[in-house]
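The values are calculated or read from the model by the stated rules, or taken from the named source; none is laboratory data. Bear in mind the structure is a predicted one, so any value in this text is a computation, not a measurement. No Cβ is skipped: glycine too gets one built from the backbone with ideal geometry, and neighbour counts run over all protein chains shown. Areas reflect the complete protein model, heavy atoms only, side chains present, ligands, DNA and RNA absent. Shrake-Rupley method; radii C 1.70, N 1.55, O 1.52, S 1.80 Å.
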Amino acid sequence: MRKIVISTGGGDAPGLNAVIFAVVNSASRLGWEVYGSRHGYKGFLDPDELVRLTPDDVEGITSTGGTILGTTNKGNPFAMPVPNLAGEVQIVDVSERVMASFKRMGFYCHIAIGGDGSLEIAHRFAKMGMPVIGVPKTIDNDLEATDRTFGFDTAVATATEALDKLHSTAKSHDRVMVVEVMGRESGWIALYSGISGGADVILLPELPFNMEAVCRKISENELHGKHYSIVVVAEGAKAEGGKVLDRGKGEAGRAEVVLGGIGEWVAEEIRQQIGKDTRSLVLGHLQRGGSPTTFDRLLALRFGGAAVRMAEVGQFDHMVAWTPPTMSAVPLEAAIRCRKHVDLNSDKVLTARSIGICLGDKE
């Protein structure tokens with residue numbers, strides 16, 4: 001009997017449980033045993049963090065957000081934060097322990113669900129000899145190798161709903177509302193939700209913005225009798241000649257800095273330049289939570305089923321990718337090589353410009 005192990009790493013995303021459901025049920029129908037590693041790779045390091053998963057254990061989880069296995073963005077086995085006897089946190093490479101555990105427990109393969117960081121870790125283990133299959137997970141939709149990642153549609157729906165609700169309060173007070181959404185290097189959430197939610201201004205990481213252009217758009221609204229405006233800004237957006245704002249490294253073991261602050265900065269600039277009553281709102285982790293949309297549930301189930309089919313034929317060190325209309329296998333090394341950025345000449349950007357949305361440039 002083959003035994004496989006599944007893990008979820010990085011930030012959570014709506015649809016993770018649907019992937020787990022599909023993997024467990026698909027593998028069980030083949031007569032395989034499935035185990036889940038809690039909080040990333042902890043199950044490889046501590047037997048108490050490894051759980052047996054049967055179809056009964058995952059019944060009904062497809063519609064729930066989060067992940068029943070838990071996740072972490074500071075659990076890289078190649079740079080794991082570990083407290084020493086003095087209570088100080090040291091960064092230690094425990095990858096050999098992970099490999100030894102994997103072999104000792106007799107696993108056939110590891111299905112790793114995660115974003116570019118988690119998939120890079122999975123690829124490193126693949127080079128060490130671990131049979132790995134990657135499943136892409138990022139609400140930012142920024143992996144070039146797959147047309148779409150699960151969680152993105154739900155995040156956009158959440159942001160769009162928030163924008164819909166902000167219109168009434170902004171209009172009631174004649175205010176400018178600046179909404180900061182997720183999007184470290186790619187502005188897909190900002191673009192999709194901004195267009196769908198009737199934003200006046202959308203600021204993307206791909207296009208450094210000019211505050212004069214932003215304020216000009218808001219002033220034009222005033223001249224045309226619209227005394228409120230909605231500004232959507234991705235967390236990774238920056239002003240011309242400026243830099244991406246962040247809040248530092250965060251917890252020990254976290255690979256990336258914590259972005260944030262651009263929404264409040266833009267709001268303050270608007271207040272100072274045109275004297276308009278302005279408020280800022282950070283949607284933050286609200287975009288990661290909640291029940292996945294129908295689109296994300298189906299996509300996640302397809303990812304999970306495809307991952308088991310790849311395991312069945314031994315197609316390791318590859319990632320499942322959605323290349324419409326089918327699922328395909330992409331080498332992990334190629335999958336993590338490039339980020340998918342918003343094409344400024346795409347029809348979505350052209351649509352935004354055509355309907356009068358300002359993108360912060362001088363066009």
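Since only 176, 187, 143 are under comparison, the one whose Cα sits farthest along the positive direction of the charge dipole of the chain, derived from C-beta charges on Lys, Arg, Asp and Glu, is 143. When only the Cβ of Lys, Arg, Asp and Glu is charged (+1, +1, -1, -1), the dipole of the chain relative to its Cα centre reaches about 560 debye. In straight-distance terms, cross-link reach from residue 348 covers every one of the lysines whose alpha-carbon lies under 20 Å from its own, apart from those fewer than eight places away in the same chain; here that gives 217, 340, 362.
Which GluC sites (Glu not before Pro) does the range 1-85 hold that lie in a coil by DSSP with at most 12 other beta carbons within 10 Å?
Taking the range 1-85 and a limit of 12 other Cβ atoms within 10 Å, the loop GluC sites (Glu not before Pro) found are 59.
Output the peptides 12-22, 35-45 sorted from most to least packed, where packing is the average of other Cβ atoms within 10 Å over each peptide's residues.
Packing order, densest peptide first, comes out as 12-22, 35-45.
Please list 1, 80 from largest to smallest accessible area, probe radius 1.4 Å, with all protein chains kept in place.
Numbers: 1 165, 80 25 Å².
If we order 1, 80 from most to least accessible, we get 1, 80.
You can think of it this way: the chain between residue 227 and residue 362 has 46.4 nm of extra reach, that is 0.36 nm per residue less the Cα-Cα gap.
Sorting 193, 28 on solvent-accessible area from highest to lowest, probe radius 1.4 Å, gives 28, 193.
In sequence order, the range 207-219 has phi-based couplings of 9, x, 9, 10, 5, 5, 5, 5, 5, 5, 4, 5, 5 Hz under the Karplus curve 6.51 cos²θ - 1.76 cosθ + 1.60, θ = phi - 60°, and Gly or Pro positions carry x.
In terms of its alpha-carbon gyration tensor, the range 220-363 comes out prolate; a/c meets the 1.5 threshold, and the first ratio a/b outweighs b/c. Surface composition of the chain: carbon and sulfur make up 50 percent of the accessible area, probe 1.4 Å. Note on residue 322: accessible area approximately 40 square angstrom, rounded to 10, probe 1.4 Å, nucleic acids and ligands left out.
Once you reduce the range 320-341 and the range 117-132 to the center of their Cα atoms, the two points are 16 Å from each other.
List the lysines whose alpha-carbon lies under 22 Å from that of residue 3, not counting same-chain residues fewer than 8 positions away? Counting by Cα, and skipping residues close in sequence, residue 3 has these lysines nearby: 42, 103, 127. Note on the chain: helix-only mean residue ellipticity at 222 nm, from DSSP H runs of 4+ residues weighted -39500 (n - 2.57) and normalised by residue number, equals -11000 deg cm²/dmol.
Rank-order 293-299, 121-127 by packing density, defined as the average count of other C-beta atoms within 10 Å over each peptide's residues, highest first.
In decreasing order of mean packing, 293-299, 121-127 become 121-127, 293-299.
For the pair residue 298 and residue 350, label points projected 7 Å from Cα toward Cβ lie 2.8 nm apart.
Given a 1.4 Å probe and heavy atoms of the protein chains only, how would you sort 227, 318, largest accessible area at the top?
227, 318
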